[in-house]
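Read the structure below first, then the notes.
Every read-out reported here was derived from the displayed coordinates using simple, explicitly stated rules and does not represent laboratory data. Computed from a predicted model, the values in this text were never measured in an experiment. Here the Cβ positions follow ideal geometry from the backbone for every residue, glycine too, while neighbour counts run over all protein chains shown.
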Amino acid sequence: MATAITDIRPELDHGHPCFGCAVREISLCGVLESEELRTYKQTGSTVRYEAGAAIFFEGDPAESVYTLTSGTLRLSKLLPDGRRQIAGFIFPGNFLGITMEEEHAFTAEAITPAELCRFSRPRFEAYLRDHPLMERRLYALVAHELAAARQQVVLLGRKTATERVISFLLMLGSRCRKEGGLADELSLPMSRADIADYLGLRIETVSRELSALKAAQLIQLTNNHSVRLLEKDRLEEMSEN
């Protein structure tokens, strides 16, 4: 888990380039004080993408890093047989683009309209050298990503279709709690096909499992892009079987 920020940072004034940022406290730059944050922001730019647009493609030079401030992205990889595997979803506050290689290993695409803070990789790395607290925060975020990747291996290798779908919903619920939202109300901006490719299932299987959970009155499908968790304790038990 990323290290929590427990101190109360001063409010930013209206003229600050990060004024009004909804994810400042949960993002990588949340450890910076006001003037440090101003300097950091001035080393980058704000970029916006429409739904369906690619931020970068697999194999592109890894020249920039990003913080997602609004919207949802998906990370995917094209398998040798032509199938797509979704490696994960990027939510507001997540950091994107860090790699030890010179090329991106995944394609990043906007599921919804998205806004990101973009920084050149050399400038970002230089800034980290001068700000060890931010560097430690990055290490914590990378460790959290590694733990999530290991959980994904377990999810795909050991769990049934029902357990995979439930684990996915609980993961989204945990994300809502982190952002201060209602953990019972989950936004599903991604398509059923995206969920299927992430969980290693068929689209029909995902739809069938969601319908079964609804019939059992464990969830409520409020519309195509949102779910209400009705029996969280029971769902947690089922995901761990």
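The Cα atoms of the chain define a convex hull whose projected area, averaged across directions, is 13.8 nm².
With q set to 0.11, 0.17, 0.18 Å⁻¹, the log10 of I(q)/I(0) for region 13-119, from the Debye formula over equal scatterers at the Cα positions, is -0.36, -0.80, -0.88. Within region 130-241, the ratio Rg/Rh, alpha carbon atoms throughout and Rh by Kirkwood, equals 1.03. Computed from phi, the 3J(HN,Hα) profile of region 101-118 under the Karplus parametrisation 6.51, -1.76, 1.60 (θ = phi - 60°) reads 9, 8, 10, 6, 7, 9, 9, 10, 10, 7, 7, 10, x, 9, 10, 9, 8, 10 Hz, with x in place of Gly and Pro. Evaluating 6.51 cos²θ - 1.76 cosθ + 1.60 at θ = phi - 60° for every residue in region 216-225, the Karplus couplings come out as 7, 6, 8, 9, 10, 8, 6, 6, 5, 10 Hz, glycine and proline recorded as x.
Near A215, once Lys and Arg are set to +1 and Asp and Glu to -1 for all other residues with Cβ below 12 Å from its Cβ, the sum equals +1.
Against the chain, whose longest principal axis is taken from its Cα atoms, helix 132-158 shows a tilt of about 20°. Computed from Cα positions, the angle between helix 121-130 and the longest principal axis of the chain comes to roughly 70 degrees. Over the C-alpha atoms of region 46-105, the Rg to Rh ratio, Rh being the Kirkwood estimate, stands at 0.95. Highest mean packing comes first when the peptides 99-110, 147-158 are listed by Cβ atoms within 10 Å, giving 99-110, 147-158.
Which angle from 0 to 90°, rounded to the nearest 10, does the C-alpha axis of helix 161-178 make with the longest principal axis of the chain? Around 40 degrees separate the two axes. Close lysine pairs were tallied over the chain: pairs 8 or more places apart or on different chains with Cα atoms under 30 Å apart number 9. Out of all DSSP beta bridges in region 24-140, what portion is antiparallel? Express it as a percent rounded to 5. Bridges in region 24-140 are about 100 percent antiparallel.
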